[in-house]
Amino acid sequence: MKPNCIIGKGIICRAAQGTALLLLAVLCGCGKGEPKSRSVEASETQREVASWNVADCLEVSLPDTANADFYYSFSAVDGSCYYVLEDLVTEQGEQFGHTLYWASTDVHGTESVLKKWQLQATVGADKEVQSLLEAFGDNRAWINGMDLWEGRVSLFLQQWDAQGQIIHYYRALTDREGQVEEVLDLLPALREAELLSEDNMQLSGGRCDGAGRCYIGDSTMGRVGVIDRDGRLLTVLEAPGGTGIPLKYVGKMQDGRPLYACGDSQEQSLAVLGYDGQEDKILYQGEYEFLQNCLICSNGDIVYGQNGKLLRWDGLQGVCELLYDGKNLNFMNCDGMLEGAEGEVYAVFRQEDGTFIYGFTDRVVETVVIRLELLTWANDYIETCVSEYMRRHPGVVIEMAERQENTESQQSRVLAQISQGEGPDLLLVNRQQLLAFQREGALAELSTVLTAADKEKIFPAVLEKGQIEDSLYGIACDATFSTMLVSDQVWQGDTWSLQDVLGILEQREREGNPVEWYSDSSYGSKGASAMLNDLVLANLGRSSLVDLQAGKCYFDTEAFCRVLELCRRCQQTAQGSADLTEDEIVKRFLEGKILALKAEGNLMGVSRKLALLEEGIHEVGYPTEGKSGHLAMAYDGCVAVNAFGEHREIAEDFLHSLVGYKSQRLYSTGWVREDVLRDCVKEQVELYNFPAPVPVFRHGDRSVTVLEGKPDGSSYLTEFLQVAEGSSPYETELDLVRDMVREEAAACFAGHRGVEDTARTIQKRVQMYLDERK
């Protein structure tokens, strides 16, 4: 179904006394002789206070289309069920492979069922069935429509003859298991109706009704032919006056007969058409207004969507009632409506992030409020996930309390609240705050929130961000990685130590070919301080200068003095190179004037840096005494759970959704799961407006992000995963130590203090701090 249906507001509100009531009479009377027109005196009334709520939300299970070259999707409503047939097509040379999936969702159930579907002939099926199925298997027949009535599936197919010239059109009746019972040839009736303007025309998908009739539109839906179960043409529905205005499928009446609407926005006119079993009828002709979808209820009411509103026209009372007014739903995306057993209205929404069925009711829906306190900076991803979780879980409200300017005061307040059995359900905290809350026993242990499969797919360094000793108290849902790039001619190893780097730099000086800077971070105004950071401070916890576990530091050593001296000397000699363009910096790196380049960010950021360089470059990371020098940065915090929160189950479910596959794929760019990247990065994709194939990240069926890639259109995914999977967390516990080192080193770089004096001062300050932490 396509939801862009149009019905005039004149039906609903403005023509309460005449035309609208006549429409309802016709709707109830079609097929039972001429309708009796009722002249009911009714005032033009509209109730504007929304009294209904969203009580249910059920996600429709659909196949992942990422590996399909293209796909077709057909949907229909039958009884209390919503059905989707998807045909995933893969192109192999000049051949096409088809994989069919059948999804069924009962609005009174608790889950959606998805299964592979295969067309097969029933026992004793005639030759026409066998021939059509053989053509489908040979790619000479394609499905281009589907509908249901009372459990029987009508498939509409187009078949080419052996020469690929003439198309035949068929309706195949099947059960919901794909067993084809009979085939009806539609071509004679289509020709008689003059719906085929040329050979090989692809017609719009068809509809069926309870009497076995077919409704087939031409290529523009300007005319719809009605064909009986024996293949005879009954009539052709078209806009009044033969204007050629396209017909829009509106929905079905209670006996299954489709209704079509055609509207002219310029003339502000609208007509609703139907077939009463004997002839076509204009059920309504009057004022125009755009409408997204509608439902003809069993009591004669008309329920319809309009932008974010759900409205109901009560013909007997002459009242248009506003049922629901929600800013987070748009009936432009509505793919059908169903009536519940107790008067509920279910609307299907097909969106980029999935297909959902929302249940609207006049019952009071219990609301649960979850509080999320932000003690560090949040990002757009968390805010998006909050909004999406509330949309998918009617009755759950997540309130976000913004980070306060005085975070120490905010932290004290929240700790006091939690100690009294109150406080927020969820907290967004940095590493230091996580440690503080855990020491006070305020946080829930979260090992059971993530499944073993989740833990296997999330990058290890991301999990480590929320771990304290061997327990998990916070979960990071966004990741940024950082590494250093080096030429293979300079260093061939996967890692290097501080001693290795110092040896290379000093050797270059002895050869009379000194570098300008260790890395590109020093250009601009950062100078020696940035060089000190990239050499020592960034990966301080895995250097030989600090042993945090033992509470010892070793800054008054020859190695650190060599670092200070090199940084100071580079700052003195690197004159006139403060303001360089990115291309100039890359040129200096390729010429050997810079030893390493920093690559930092998500997949897009690292790919962009790699794309600037030639072959023969690899990721070596920051100097380290550990297994890897790659870092998972700490720009974003972890989400933790109040150990005494009233709604622990909901809070933990939301927390799990933050790192779930679907949320990470659809909403994130700081991906924390390697399976999302492996599944969704596609190589050498041909896109409109791009002269050559490019790599992309496929967020959903219709949304991609173009990545910087190699000349052949492949991506840097392998290189990025080497960094992400091998990273260690940036240790924020050492930030105070870093600040001390920078503060004292600044005096050295400015020429106010000698190297050895600076090293001794730093040693004294840092060791005193470490002693106080014991």
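Computed from the coordinates by the stated procedures, all read-outs in this text should not be read as laboratory data. This is a predicted model, so every value here is computed, not measured. FYI the Cβ positions are ideal-geometry reconstructions off the backbone, even for glycines, and counts take in every protein chain you see.
What's the extension gain from residue 48 to residue 282 if we count 0.36 nm per residue and subtract their Cα-Cα distance?
Additional length available on full extension: 81.2 nm.
Report the normalised scattering of region 674-714 as log10 I(q)/I(0) at q = 0.27, 0.34 Å⁻¹, calculated by the Debye formula with identical scatterers on the alpha carbons.
-0.93, -1.22
Need one number: convex hull volume per residue for region 457-570, Cα atoms only, in Å³.
Here the figure is 153 Å³ per residue.
For region 360-458, with equal point scatterers placed on the C-alpha atoms only and solvent neglected, what are the log10 I(q)/I(0) values from the Debye formula at q = 0.13, 0.16, 0.19 1/Å, to two decimals?
-0.59, -0.85, -1.10
From Cα pairs below 8 angstrom and at least 6 apart in sequence, can you work out the relative contact order of region 674-714, rounded to a whole percent?
Across region 674-714, relative contact order equals 35 percent.
Relative contact order for the chain using alpha-carbon pairs under 8 Å, separation at least 6, rounded to a whole percent?
It comes to 12 percent, rounded to a whole number.
What is the Cα coordinate range of region 9-361 on the first, second and third principal axes, sorted by size from largest, in whole angstrom?
Result for region 9-361: principal-axis Cα extents of 63, 44, 39 Å.
How far apart, in nm, are two points set 7 Å out from the Cα along the Cα-to-Cβ line at residue 110 and at residue 399?
Each label point lies 7 Å from its Cα, and together they span 3.1 nm.
Once phi is turned into θ = phi - 60°, what whole-Hz ³J(HN,Hα) does the Karplus curve with 6.51, -1.76 and 1.60 give for every residue of region 340-357, x standing for Gly and Pro?
Running phi through 6.51 cos²θ - 1.76 cosθ + 1.60 with θ = phi - 60° gives x, 5, 10, x, 5, 10, 10, 10, 9, 10, 9, 10, 4, 8, x, 10, 10, 10 Hz.
Apply 1/(1 + (r/R0)^6) to the Cβ-Cβ distance of residue 126 and residue 712, taking R0 = 45 Å, and write down the FRET efficiency to the nearest 0.05.
According to the calculation, E is roughly 0.30.
Taking 25 Å as the cut-off for C-alpha to C-alpha distance, list the pairs among 309/662; 455/552; 116/662; 116/710; 662/682; 627/662 that go past it.
In this structure, 309/662; 455/552; 116/710; 627/662 lie more than 25 Å apart at Cα.
Bin width 10 Å, origin at 0, all Cα-Cα pairs of the chain: what percent of pairs per bin?
2, 11, 17, 18, 16, 13, 10, 7, 4, 1, 0
Determine, for 653, 138, the number of other Cβ atoms within 10 Å of each Cβ, and report the residues in order from fewest to most.
Going from least to most buried by this count: 138, 653.
Taking 0.36 nm per residue of sequence separation and subtracting the Cα-Cα distance, how much length would be gained by fully extending the chain between residue 590 and residue 702, in nm to one decimal?
36.4 nm
What list of ³J(HN,Hα) values in whole Hz, one per residue of region 450-464 in order, does the Karplus curve 6.51 cos²θ - 1.76 cosθ + 1.60 (θ = phi - 60°) give from phi, with Gly and Pro shown as x?
9, 6, 4, 5, 4, 4, 6, 8, 7, 4, x, 5, 5, 5, 4
If you consider only alpha-carbon coordinates, what radius of gyration and Dmax does region 277-383 have, in Å?
Rg, Dmax (Cα atoms, Å): 18.3, 70.
With only alpha-carbon atoms counted, please give the Rg and Dmax of region 56-140, in Å.
15.4, 46
So what is the relative contact order of region 9-361, in percent, for Cα pairs below 8 Å that sit 6 or more residues apart?
For region 9-361, the relative contact order is 17 percent.
Taking R0 as 35 Å, what's the FRET efficiency between residue 735 and residue 611 from their Cβ-Cβ distance, rounded to 0.05?
Efficiency, rounded to the nearest 0.05: 0.65.
Between residue 417 and residue 469, what's the calculated FRET efficiency when r is the beta-carbon distance and R0 is 45 Å? Round to 0.05.
0.95
Arrange the following residues from fewest to most other Cβ atoms within 10 Å of their Cβ: 65, 105.
65, 105
Take peptides 361-374, 424-437 and line them up by average Cβ neighbours within 10 Å, highest first, as a rough protection proxy.
Descending packing order for the listed peptides: 424-437, 361-374.
Quick one: what are the phi-derived ³J(HN,Hα) couplings along region 110-122, Karplus 6.51/-1.76/1.60 with θ = phi - 60°, whole Hz, x for glycine and proline?
So the Karplus estimates, Gly and Pro as x, are 10, 8, 9, 10, 10, 8, 5, 10, 9, 7, 9, 7, 5 Hz.
At a 10 Å Cβ-Cβ cut-off, how would you order 327, 455, 281, 248, fewest neighbours first?
Lowest count first: 327, 455, 281, 248.
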